[in-house]
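Student: My questions will all concern the structure given below.
The values are calculated or read from the model by the stated rules, or taken from the named source; none is laboratory data. This one's a predicted model, so the numbers in the text were calculated from it and none came from an experiment. Here Cβ is always computed from backbone atoms with ideal geometry, including for glycine, and neighbour counts include all displayed protein chains.
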RNA sequence: GGGGAUAUGGCGGAAUUGGUAGACGCGCUAGCUUCAGGAGCUAGUUCUCGUAAGAGAGUGAGAGUUCGAGUCUCUCUAUCCCCACCA
């Protein structure tokens, strides 16, 4: 043993062993455990210390589970397709595949340097044709079951990047990359029918599949994440109501959650994109003015249209009137861009007395205002604002005097009888647009034949490989369309000339199923064998950033449910237990970013303090899911701790007589660390180990058995030093093949207990007494205590409350 | 506007879930060791008053319940995250 703890030598030594022989993996008797962290995007900048938290936490937990006797699957791979590599290619001419492989190389080196126990034989990369072959298979699977379809749609378009953008690439109405304002453009695109799975459905074999909404109830996820998914899905119950256009057979359907307010409807508003406008055409007497409004709207950016602060604008449709379904009264119709074409029916009823937006609009255009709901508490309506709460109906024909909820029920029944509407559930969420006019993604396996139309590429012809000779410069068309080698194809049906789909898939498609591939990463017959899936899936523990609360996690759940529906999987939720790591901020309290210059590279920290110290510090910083600021100066704490653990070796001897107090503390620590690791309270697990070490250091010599246990408790958190100490103790096998220490509950109980004595709620002293003492003994001792007697000042004790083992409260 | 979360020393944070607030670590102070430095050792470190013993105050603010509140209830305030003209 060296006198000095030298992490760099020890860590390199064990990493080399683990590299050569593969990390020791105990195949436990307790069954499988799948621990996964969200696979990273291998960015060219490499890892920063913020990323290390996620990997370390998952690794620590996976090691702990393995110690406990589970066969743990904890794989790693790369979410390798994506924009940055393509943008880099545009700028430098270096092909994305080259840059990506370099970045992966660097990530792999960095991850290995923090001592993660991954099974590297299972490494996958989404940009590998052997992987995206199965991403394309997934597309075909969805297509064959009617869950992938093509349609014209309005999409986000960045005029400077000349491409569509995913919703998540639009921040505050601006392109994330160029900062340009995004506009809406109509393009023909591929969609996945995720909305088919919002509610419960039946599988092919007749089993019920919980939908994306109800499935949330049974999984162990952060409540905030579940709530965010519910909000994103945005289910709302209401009614669809038909307004006939006077003198025609045409109708306008509106969606409302407040059918009870319909007698207060004094006009109807259409979204500028509403198809009825084209149909009405010349019936609109001021068509010129309307056309101009529509043209102006189209020119507006998304941000301009959705800016809440801006004034509402609209145009009255001259010559068009609708009939109120309940009263038959003729109502004016407007077109206004505050009505969204993408939600509900693209048309709303205007009830200025009971909706703030309608109120503002009606005031501006001087429209009639008819209050029909009164507050139930007898208060009167306030002049100059709308009353948007539920209440009691007034002025509402036969429905007058009903309360809102009852009125909604009776009114929708009436509508259904009259054929003027129906109950309707609306969702905010829409189908998933997966087309991207990008190069660096998985090509959509479709060809277009003049004769046969849309033809899926046969499975046997997969993968449809990305061409290598492509001009990346953006022109608004997918770069793939410009590759002759790629573009021209033969129709799989008739053999005639065809062209390939030149769009690629959203990278979220690749990441929606990767956790399945890890079960069987080298299978070239199917995406994973049934046996492999049954052996490892679903994921028992999933760890990743909260930024994936909605998109990735929702998409992955959709894939799982779709595959289950058609018999490919035996489970309907992919991730049973989910946790998010908190963001690690720079030392200045800002988010780490190159531009702020506050990025800390783990390489430097490892060089200065060692990987085990880095790991320990990251786990010790605070609760896993809290946001916390990095402090390089504070890393010395864990480093000093390991230095002292190292030096403790000198005190080890066999046959040490162990005090009862220390034995108790050891068992308490085993219990504490075990429970804390299980519940992911890594910060307090580390602190428990520090406290135990402090006690060991006070001893003349430390029992070898005690030190062995300590080493095991440390091993999930600081694997290198634990492995080294284990071997120094004379063990020949890896520490990671050993079993987790057990505690004896009886031995966790202290010999003596401290009872705090309060008088009238204030702490006035404490007594130390054998743990098994009775209440009467405690009381007797307390009243005999000089300090307590002084504090009581001779007053009579009227009431005594004794909480066993904790407190004695005296009231005078 | 809607939803979610958070608030404890100079700093990161702990608190057996209603029972001694500030564990553990950083930093700081004093001393020791050392040629020196230090990531070594010892003691101390919430604030106020006090040489001390001790007393009082104290967990974003204010009320309440209780023998007892960081923890429960109510009313605020601030910060962060997500969604947002969703009808």
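Student: Among the residues of the range A:519-532, write down those that are within 17 Å of residue A:70 (Cα to Cα) and free of Cβ contacts under 8 Å to residues at least 40 places away in the same chain. First the steps, then the outcome.
Tutor: Residues of the range A:519-532 within 17 Å of residue A:70 (Cα to Cα): A:519, A:532.
Across the range A:519-532, the qualifying residue is only A:532.
Student: Spot the failing condition for residue A:677; the list is (1) more than 21 Å from residue A:110 (Cβ to Cβ); (2) touching a helix residue (DSSP H, G or I) at 6+ places or on another chain (Cβ under 8 Å); (3) modelled with pLDDT under 90, and only one is missed.
Tutor: (3)
Student: Could you check the range A:761-786 and list, in sequence order, the residues that are more than 24 Å from residue A:751 (Cα to Cα) and in contact (Cβ under 8 Å) with a residue 12 or more places away in the chain?
Tutor: Residue satisfying the conditions is A:761 alone.
Student: So is residue A:401 more than 16 Å from RNA strand B (Cβ to nearest atom), part of a loop (DSSP other than H, G, I, E, B), within 22 Å of residue A:319 (Cα to Cα) and over 44 Å from the mean Cα position of the chain (by Cα) or not?
Tutor: no
Student: Follow-up. If we scan the range A:743-759, do we find a residue that is surrounded by 13 or more Cβ atoms within 10 Å (Cβ to Cβ) and under 26 Å from residue A:59 (Cα atoms)?
Tutor: yes
Student: Looking at A:574, A:602, can you tell me which residue is at pLDDT 95 or above, within 26 Å of the chain's Cα centre (by Cα) and either away from RNA strand B (no atom under 13 Å from the Cβ) or under 29 Å from residue A:554 (Cα atoms) (or both)? Walk me through how you get there before you give the answer.
Tutor: Values: A:602 fails: at pLDDT 95 or above.
Only one candidate passes the filter, namely A:574.
Student: Quick test of your reading of the structure: residue A:273 fulfils all but one of (1) in a loop (DSSP other than H, G, I, E, B); (2) under 30 Å from residue A:170 (Cα atoms); (3) more than 8 Å from RNA strand B (Cβ to nearest atom); (4) in contact with a strand residue (DSSP E or B) (Cβ under 6 Å, 6 or more places away or on another chain). Name the failing condition by number.
Tutor: So residue A:273 meets the others, but not (4).
Student: Can you tell me which residue among A:303, A:331, A:294 is in contact with a helix residue (DSSP H, G or I) (Cβ under 9 Å, 6 or more places away or on another chain) and surrounded by fewer than 22 Cβ atoms within 10 Å (Cβ to Cβ)?
Tutor: Exactly one residue qualifies, and that residue is A:294.
Student: Has the range A:642-652 got at least one residue that is within 12 Å of RNA strand B (Cβ to nearest atom), within 30 Å of residue A:578 (Cα to Cα) and in contact (Cβ under 8 Å) with a residue 24 or more places away in the chain?
Tutor: Looking through the range A:642-652, none of the residues is within 12 Å of RNA strand B (Cβ to nearest atom), within 30 Å of residue A:578 (Cα to Cα) and in contact (Cβ under 8 Å) with a residue 24 or more places away in the chain.
Student: Exactly one condition in (1) closer than 30 Å to residue A:642 by Cβ; (2) in contact (Cβ under 8 Å) with a residue 40 or more places away in the chain is not met by residue A:749; state its number.
Tutor: For residue A:749, the exception is condition (1).
Student: Follow-up. Might you check whether a residue that is crowded, with 16+ Cβ neighbours inside 10 Å, farther than 18 Å from residue A:538 by Cα, within 16 Å of RNA strand B (Cβ to nearest atom) and more than 25 Å from the chain's Cα centre (by Cα) occurs anywhere in the range A:210-225? Show your work before the answer.
Tutor: First pass over the range A:210-225, keeping only residues crowded, with 16+ Cβ neighbours inside 10 Å: A:210-213, A:215-216, A:219, A:221, A:225.
From what is left, the residues that are farther than 18 Å from residue A:538 by Cα are A:213, A:225.
Next, only the ones that are within 16 Å of RNA strand B (Cβ to nearest atom) stay: A:213, A:225.
Retained after the next criterion (residues that are more than 25 Å from the chain's Cα centre (by Cα)): none.
No, because not a single residue in the range A:210-225 is crowded, with 16+ Cβ neighbours inside 10 Å, farther than 18 Å from residue A:538 by Cα, within 16 Å of RNA strand B (Cβ to nearest atom) and more than 25 Å from the chain's Cα centre (by Cα).
Student: Also, quick follow-up: Could you list all residues from the range A:308-329 that are part of a loop (DSSP other than H, G, I, E, B), in contact with a strand residue (DSSP E or B) (Cβ under 8 Å, 6 or more places away or on another chain) and either away from RNA strand B (no atom under 16 Å from the Cβ) or within 19 Å of residue A:253 (Cα to Cα) (or both)?
Tutor: Residues of the range A:308-329 that are part of a loop (DSSP other than H, G, I, E, B), as a first pass: A:308-313, A:324-329.
Still in the list and also in contact with a strand residue (DSSP E or B) (Cβ under 8 Å, 6 or more places away or on another chain): A:312-313, A:324-325, A:329.
Listed by number, the residues that qualify are A:324, A:325, A:329.
Student: Still on this model: Looking only at residues in the range A:751-771 that are more than 8 Å from RNA strand B (Cβ to nearest atom) and outside any strand (DSSP E or B), which one is farthest from residue A:802 (Cα to Cα)?
Tutor: For the range A:751-771, the residue satisfying everything is A:751.
Each row is one residue, and each column tells you yes or no for (1) modelled with pLDDT under 95; (2) outside any strand (DSSP E or B).
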| residue | (1), (2) |
| --- | --- |
| A:86 | yes, yes |
| A:91 | yes, yes |
| A:94 | yes, yes |
| A:121 | yes, yes |
| A:135 | no, yes |
| A:138 | no, yes |
| A:152 | yes, no |
| A:156 | yes, no |
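Student: Next question. Of all residues in the range A:680-708, how many are in contact (Cβ under 8 Å) with a residue 24 or more places away in the chain, out of contact with any helix residue (DSSP H, G or I) (no Cβ under 6 Å at 6 or more places or on another chain), away from RNA strand B (no atom under 13 Å from the Cβ) and more than 13 Å from residue A:645 (Cβ to Cβ)?
Tutor: 2
Student: In the range A:345-380, what count of residues is obtained for those that are away from RNA strand B (no atom under 12 Å from the Cβ), over 20 Å from residue A:239 (Cβ atoms) and in contact (Cβ under 8 Å) with a residue 24 or more places away in the chain?
Tutor: Summing the residues that are away from RNA strand B (no atom under 12 Å from the Cβ), over 20 Å from residue A:239 (Cβ atoms) and in contact (Cβ under 8 Å) with a residue 24 or more places away in the chain in the range A:345-380 gives 7.
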